1. Hey, can you tell me all the residues within region 64-85 that are over 20 Å from the mean Cα position of the chain (by Cα) and under 12 Å from Phe21 (Cα atoms)?
2. Only one of (1) of a type outside the set (D, E, K, R); (2) more than 13 Å from the ligand (Cβ to nearest atom); (3) in contact with a helix residue (DSSP H, G or I) (Cβ under 6 Å, 6 or more places away or on another chain); (4) modelled with pLDDT of 95 or more fails for Gln100. Which number is that?
3. Given (1) more than 14 Å from the ligand (Cβ to nearest atom); (2) surrounded by 15 or more Cβ atoms within 10 Å (Cβ to Cβ); (3) farther than 20 Å from Trp336 by Cα, where does Phe49 come up short, assuming only one miss?
4. Quick one: how many residues across region 278-304 are in contact with a strand residue (DSSP E or B) (Cβ under 9 Å, 6 or more places away or on another chain) and among the aromatic types (Phe, Trp, Tyr)?
5. Does region 74-87 contain any residue that is open to solvent by 10 Å² or more (accessible area, probe 1.4 Å), among the basic types (Lys, Arg) and at pLDDT below 95?
6. What helices (runs of 4 or more DSSP H), lying completely within region 276-394, carry at least 1 residues that are over 30 Å from Arg249 (Cβ atoms)?
7. Residues to consider are Phe66, Phe85, Phe41; find the one that is assigned to a helix (DSSP H, G or I) and either within 16 Å of the ligand (Cβ to nearest atom) or over 28 Å from Gln5 (Cβ atoms) (or both).
8. Would you be able to tell me the number of residues in region 142-195 that are farther than 13 Å from Ser96 by Cβ, under 23 Å from the mean Cα position of the chain (by Cα), part of a loop (DSSP other than H, G, I, E, B) and small (Gly, Ala, Ser)?
Amino acid sequence: MDLKQASLQLLLNNRRNAKNFQHTVPSPDTYPYQWLWDSCFHAIILTHFNTSDAKKEILTLVSKQFDNGLIPHMIYWDKESPTDFPIIEWGKEDTSTITQPPMVAYAVWEIYQKDKDQSFIKKVYPNLYHFYRYLLTERDPHENHLIGIMNPDESGEDNSPRFDIPLGLPPKHSFKENTQKRLNLVVQNIECKFDAPFCMRNFFWVKDVPFNSIMVANLRLLAMLAEKLDNDDANYFTKEADAISLAMRRLMLDDDIFYSTYGEAYEKIKVKTWAIFTPLFAKILSQEEAGKLVSNHLLNKNEFWTNFPIPTTSLDEPAFDPQGFWRGPTWIAINWFIYKGLLNYGFNDIAKKIKKSSLELLQKSGFREYFNPFTGEGWGAHNFTWGCLIVDIN
Ligand code: GLC
């Protein structure tokens, strides 16, 4: 199969036009709406074909930005689409009122790298500014320089075992129990009108490693976009990126691993997931630290180095389940983050192995949502777009 061509075809098949806005659905049967970080992935993939469609994807996403700057994690452009995915009535009409990992600046930067279209970055910059400002302020009420999430779904890894302790769940529990806990949080969020500092303080105070790593990487690109536009914000965003990196070191680092924290005492959630590799993506490790992390954990056969790496949860965790949603399987977008992180530190040979195994997964099992890290068998949604990131694993 020519994966580049197949990727384009899948994105075209999943393209939707609603109310004059063009976007791509992650999977027509399972996920027939627009999602935040998915749209950023779509835009990154589309830059390999046509920046004009990549721009439309982003403009559609930011068109539903809230007055306070939040960009919602889901937009229900067509509520009638048949799906197993339950429609939740959140606070704000036609959108969820929570967010997702802030990959938008990255996607815009990639678009700009391809066509150097100054007018596009000028157009979208105010949306980016308000989104990242919202995260830097509303999501950090104690000014500790760590950005908080108010529901596990904001991490993009809905039922990752990182959230078991904050949700009061044991390492082994059913999918249903997990969903119920997250839905309870949504009810509480609705009651407190999605006021982030209030919701976080009262119901779910978590500082997640990938969210903060992604924030650092994106703030640095946002600073570069600001520079291209000759405005004065570049310094501000760079300083904030530095401050988050330092706070991550201060509050999350334990020995050689960064752990997410919960509660206002910032207790570390000592569960090893792929999250421990995201500081590579954010370039916040020294070369020596990066080397140790890779050899002690990534290449460790008892942790993350399986036949089809990278499992989302370490094999030696009690929560590990090779078929459990976000609790073990390999996902191509996660491989993409780790691949980019490895390149940041010059680990090109290991990166190449991840590329090769990602290609094998797609050849063997097609565009499935996630894969068994031992056998490569595909699970979850069909015609799922994240596999198309393979065109950017280059
Ligand atoms: C699932 C994933 C989330 C993704 C969404 C749409 O909920 O956990 O990360 O954005 O599906 O693909």
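1. Trp77, Asp78
2. If we test Gln100 against (1) of a type outside the set (D, E, K, R); (2) more than 13 Å from the ligand (Cβ to nearest atom); (3) in contact with a helix residue (DSSP H, G or I) (Cβ under 6 Å, 6 or more places away or on another chain); (4) modelled with pLDDT of 95 or more, just (2) comes out false.
3. So the condition that Phe49 fails would be (3).
4. Total meeting the criteria: 1.
5. As a first pass, look at region 74-87 and keep what is open to solvent by 10 Å² or more (accessible area, probe 1.4 Å): 77-87.
Okay, now just the ones that are also among the basic types (Lys, Arg), so 79.
Going one step further and asking which of them are at pLDDT below 95, we end up with 79.
The answer is yes, given that some residue of region 74-87 is open to solvent by 10 Å² or more (accessible area, probe 1.4 Å), among the basic types (Lys, Arg) and at pLDDT below 95.
6. On the way: elements: 278-281, 287-293, 332-344, 348-365.
Where helices (runs of 4 or more DSSP H) fall fully within region 276-394 and carry at least 1 residues being over 30 Å from Arg249 (Cβ atoms), they are 348-365.
7. Going through Phe66, Phe85, Phe41 in turn, just one is assigned to a helix (DSSP H, G or I) and either within 16 Å of the ligand (Cβ to nearest atom) or over 28 Å from Gln5 (Cβ atoms) (or both): Phe41.
8. The qualifying residues number 1.
The values are calculated or read from the model by the stated rules, or taken from the named source; none is laboratory data. Note that the structure is predicted; figures quoted are calculated from it, not measured. All Cβ positions, even for glycine, are placed from backbone atoms using ideal geometry, and neighbour counts span all protein chains on display. The area values use the complete protein model at the heavy-atom level, side chains included, leaving out ligands, DNA and RNA. Shrake-Rupley method; radii C 1.70, N 1.55, O 1.52, S 1.80 Å.
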